[in-house]
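The values are calculated or read from the model by the stated rules, or taken from the named source; none is laboratory data. On a predicted model such as this, the values are computed, not experimentally measured, just so you know. With ideal geometry, Cβ positions are generated from the backbone for all residues, glycine too; neighbour counts draw on all protein chains shown.
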Amino acid sequence: MNGLRNSIFNKVFDKCEKNIITRKLIYFAIEIGIGDFVYRICSKDYLEKRKKFFNENKERIEKNINILEDEESKEIYKKMILYRCKRKRKDFPCYNFENIYFPTDIIKLNSNETFIDCGAYIGDTVEKFLLESNYNYDGIVAFEPDKYNFEKLKKFAKKYERIYCFPYGTWIKNGTLKFNSGNRGGSSICDEGNNTIKVVNLDSVKECEKSTFIKMDIEGSELECLKGAENIILKNKPKLAICIYHSDNDMIDIIEYIHKLIPEYKIYLRQHGINEADTVIYCI
């Protein structure tokens, strides 16, 4: 179940959000609950499927709650699942637009980080990393398969040393996949894609061997990418910032997978978006 891509409401939202004035109006509507009302009307059947899915996985959800490190993470997780089922604003957890991928109460950067950015877009997260690290790092490896985004990423990266940019998607294994491009930060791997891209697993990329921090926001491909980085994660135990909001399955599967792979990871969860987007887990 892919909550963001299959919802009629969110397809309309994605198109409207491109205009700044329209985006502000949409955000206001979300804050006062109009957006949720529209969603409930337009996606009633989809919400029922969601409720059924989460009800069928109650035990797994409870185990994930117990895995999470602090009470804030547990509360956000419970409320986000409830919100995804009912889309009522009163259920929405506390959120913070600031410091996505680098929350100061969780992530502490060293001066010799090798930062891996999967879904680098045009370099916005790389730029944040540079600022947060005070430009002290060993290396940055950025993956962005959308051609338009990648050209902007390359232009940005040229200003700095030791930033390696690859026009690839990240996946469980090397190969080629269908890709839906031209959607700004929402370009994604999908069977109905309008072109084909090369994909690689992080374990096979030499520049990623010494990774100390991996971020993933790759439109629902996070779990496959994690599996393709298993050796690096087992060897280096890097800090992780992984988006889990792209599907209902991801809200459960990704926490389970990481905990099983590295049980000693402390796993936190924070909400950085005003709707279903930008739910991120942090593993240290």
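Summary of computed values
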| item | result |
| --- | --- |
| Residues (within 25 Å of GLU56 (Cβ to Cβ), assigned to a loop (DSSP other than H, G, I, E, B) and charged (D, E, K, R)) located in the stretch 255-284 | GLU276 |
| Filter pass, LEU234 being of a type in the set (A, V, I, L, M), crowded, with 21+ Cβ neighbours inside 10 Å and either in a loop (DSSP other than H, G, I, E, B) or modelled with pLDDT of 95 or more (or both) | no |
| Test: residue in the stretch 247-254 that is not β-branched (Val, Ile, Thr) and not in a helix (DSSP H, G or I) | yes |
| Of residues in the stretch 194-231 being part of a loop (DSSP other than H, G, I, E, B) and charged (D, E, K, R), the one nearest to the chain's Cα centre (by Cα) | ASP217 |
| Unmet requirement for LYS108, which otherwise passes all of (1) at pLDDT 95 or above; (2) more than 19 Å from the chain's Cα centre (by Cα); (3) crowded, with 19+ Cβ neighbours inside 10 Å | (3) |
| Matching residues in the stretch 132-158 - criterion: being more than 21 Å from GLY169 (Cα to Cα) and buried (at least 22 other Cβ atoms within 10 Å of the Cβ) | TYR137 |
| Pair list, Cβ under 8 Å, 6 or more apart: the stretch 142-154 residue closer than 14 Å to ASP124 by Cβ and in contact (Cβ under 8 Å) with a residue 12 or more places away in the chain, other residue assigned to a helix (DSSP H, G or I) and aliphatic (A, V, I, L, M) | ALA142/VAL126; ALA142/LEU153; ALA142/ALA157; GLU144/LEU153; LEU153/VAL126 |
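Quick grid of which residues meet (1) out of contact with any Phe, Trp or Tyr (no Cβ under 6 Å at 6 or more places or on another chain); (2) in a strand (DSSP E or B); (3) at pLDDT below 95:
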| site | (1), (2), (3) |
| --- | --- |
| ASN136 | yes, no, no |
| ILE140 | no, yes, no |
| TYR148 | yes, no, yes |
| LYS152 | yes, no, no |
| TYR160 | yes, no, no |
| CYS165 | yes, yes, no |
| LYS173 | yes, no, no |
| LYS178 | yes, yes, yes |
